[in-house]
1. Determine the shape class of segment 45-112: with a ≥ b ≥ c the square roots of the Cα gyration tensor eigenvalues, call it rounded for a/c under 1.5, and otherwise prolate if a/b is greater than b/c, oblate otherwise.
2. In the chain, what percent of the accessible surface is made up of carbon and sulfur (1.4 Å probe, ligands and nucleic acids excluded)?
3. How much net charge surrounds PRO244 when only other residues with a Cβ under 13 Å from its Cβ are counted (Lys, Arg +1; Asp, Glu -1)?
4. How would LYS427, LYS14, LYS39, LYS418 line up by accessible area, probe 1.4 Å, largest first?
5. For a quick check of understanding: with a 1.4 angstrom probe and all protein chains in place, what accessible area in square angstrom does VAL286 have, to the nearest ten?
6. Order HIS246, HIS330, most accessible first, counting only protein heavy atoms with a 1.4 angstrom probe.
7. Quick one: plug the Kirkwood hydrodynamic radius of segment 337-427 (C-alpha pairs) into Stokes-Einstein at 4 °C, 1.567 mPa s, and report D in µm²/s.
8. For the chain, what is the charge dipole size about the Cα centre, in debye to the nearest 20, if Lys and Arg each add +1 at the Cβ and Asp and Glu each add -1 at the Cβ?
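The values are calculated or read from the model by the stated rules, or taken from the named source; none is laboratory data. Values in this document were obtained by computation on a predicted structure and should not be read as measured data. A quick note on method: Cβ atoms are made from the backbone with ideal geometry, for glycine too, and the neighbour counts reach across all protein chains shown. Ligands, DNA and RNA are stripped out before the accessible areas are found, and what is left, the full protein with its side chains, is counted by its heavy atoms. Shrake-Rupley method; radii C 1.70, N 1.55, O 1.52, S 1.80 Å.
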Amino acid sequence: MTEHLVFLTGHLAKARLENVLAGLGATPFTYDIIDIGVKVAALMTEEIVIRRLPRPLKADRVVLPGRFRGQLERLGDTFGMPFVRGPDEVADLPAYLGRAGKPPNLSRHDMRIFAEIVDASTLSLDDLLQRARALAAAGADVIDLGCLPDTPFVHLAEAIGRLKAEGLCVSVDSADPDELALAARAGVDYLLSLNENTIAIAAGSKATPVLVPAVPGDLDSLGRAIDAARKAGLTFIADPVLDPIHFGFAASLGRFVEARRRWPDVEMMMGTGNLTELTDADSSGVTAILTGLCSELAITNVLVVNVSPHTVRTVEEHDLARRIMFAARHDHALPRGYDPGLLQVHDRSPFASSVADIDALAATVRDGNFRIMTAPDGVHIFNNRGHWTASDAFELFPHLDVASDGAHAFYLGAELMKAEMAWKLGKRYSQDEPLAWGVASPRTREDRTRLAEAGHTLRARKDGA
């Protein structure tokens with residue numbers, strides 16, 4: 001049966017909501033719009049909804065504004081149907097309703113993240129454990145202990161034991177056969193990187209070997225390692241090895257494609273660090289492309305590393321990317337419209353309102369409080385005294401008449417500069433809200449079961465009273 005949705009809104013947003021929903025054309029759901037009787041939709045409360053929403057209510061789901069403050073469960077129990085929060089902005093409804101009228105499910109993935117601590121041999125056990133916990137919290141499934149050449153890892157066995165005692169899955173990456181053998185005896189879960197000459201190290205242990213070519217770029221060598229692992233009855237992962245740009249990158253991409261053709265059922269790994277670390281580009285975009293390639297080739301393991309400061313969020317980026325790619329593949333869809341977390345510098349829809357929308361809103365304002373918004377033509381600020389627009393925040397200040405009110409002037413200056421930055425970058429701006437930088441700078445989760453605290457200006461005035 002076709003799902004029927006009810007959208008709750010306020011006076012100011014109703015016409016815009018009607019236009020946005022009408023613009024969707026044919027939808028897999030039917031809907032009604034109910035004006036709950038408040039001017040601004042975000043100001044509706046549980047009590048208002050319970051008191052004013054007509055009964056009986058015919059709906060499969062009720063969609064409230066994203067900034068609604070209240071207990072959804074209480075409303076659901078009262079009316080006997082699910083109440084959910086939609087997006088914060090009406091402009092984002094098309095993406096929110098893009099797949100059968102439901103937000104995307106990003107709870108699933110089929111990719112294991114190995115997060116390497118490259119200098120593990122130089123860290124104390126306590127420092128290792130702290131680093132490992134942080135990586136696991138960021139989304140890592142396996143903590144990879146990187147061994148350095150000519151640097152003895154004297155506490156390797158003890159490090160493996162400590163991490164496993166914490167419930168962590170552990171791998172060791174070394175070019176030294178003795179270190180790999182020690183790791184196998186210590187109960188490590190994965191051994192990186194074995195080849196046709198060292199595969200015997202994994203025999204008799206519970207460790208899963210990750211196989212690489214003994215000769216760089218030689219898939220035949222990798223094939224011999226695979227044959228040896230199969231003959232020994234070992235579960236294994238194959239890694240054809242991704243090379244940096246201008247040092248074999250294109251050819252290495254071809255190796256991954258060819259490896260999948262040769263061994264359609266073999267579990268594979270890709271180490272993404274040679275691209276994310278060794279390319280001066282925002283790592284989120286590089287990560288999206290590489291995880292997309294992994295998704296197409298059914299590569300279910302990635303080895304990530306953070307050495308360069310510009311990849312500080314690489315684990316979080318891989319974690320989100322694997323979820324987006326899984327959902328898009330499941331939906332037979334492009335990886336767009338699922339989550340903006342990898343759009344860190346720019347937004348797909350930078351402006352929540354058009355110039356006409358802002359003009360209409362400005363015409364309704366009857367008080368002296370300043371509203372700040374952005375549109376394609378620049379930064380807008382307005383109250384009951386006027387409406388001004390500029391691309392340079394400093395051009396707006398002379399119109400505001402707040403020179404004698406230091407707290408207010410400081411607040412407006414901070415907000416206007418934030419708005420200008422958002423406008424120049426093509427990012428979404430919302431007054432009194434921090435700019436969203438995706439997983440590059442996670443935002444503090446809001447408790448939307450309670451009303452928000454007083455804004456900067458009001459709080460400053462109350463504190464000074």
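1. Working: a/c = 2.11, a/b = 1.86, b/c = 1.14.
It comes out prolate by the Cα gyration axes.
2. Details: 12490 of 22840 Å².
Result for the chain: 55 percent of the exposed heavy-atom area is carbon or sulfur.
3. Every neighbour counted, the sum reads -3.
4. Values: LYS427 0, LYS14 65, LYS39 110, LYS418 40 Å².
From most exposed to least exposed: LYS39, LYS14, LYS418, LYS427.
5. Ignoring ligands and nucleic acids, VAL286 comes out at about 30 Å².
6. On the way: HIS246 170, HIS330 105 Å².
Descending accessible area places them as HIS246, HIS330.
7. Working: Rh = 14.0 Å.
Diffusion coefficient, whole number: 93 µm²/s.
8. On the way: 49 positive and 62 negative charges, 373 e Å.
Roughly 1800 debye for the chain.
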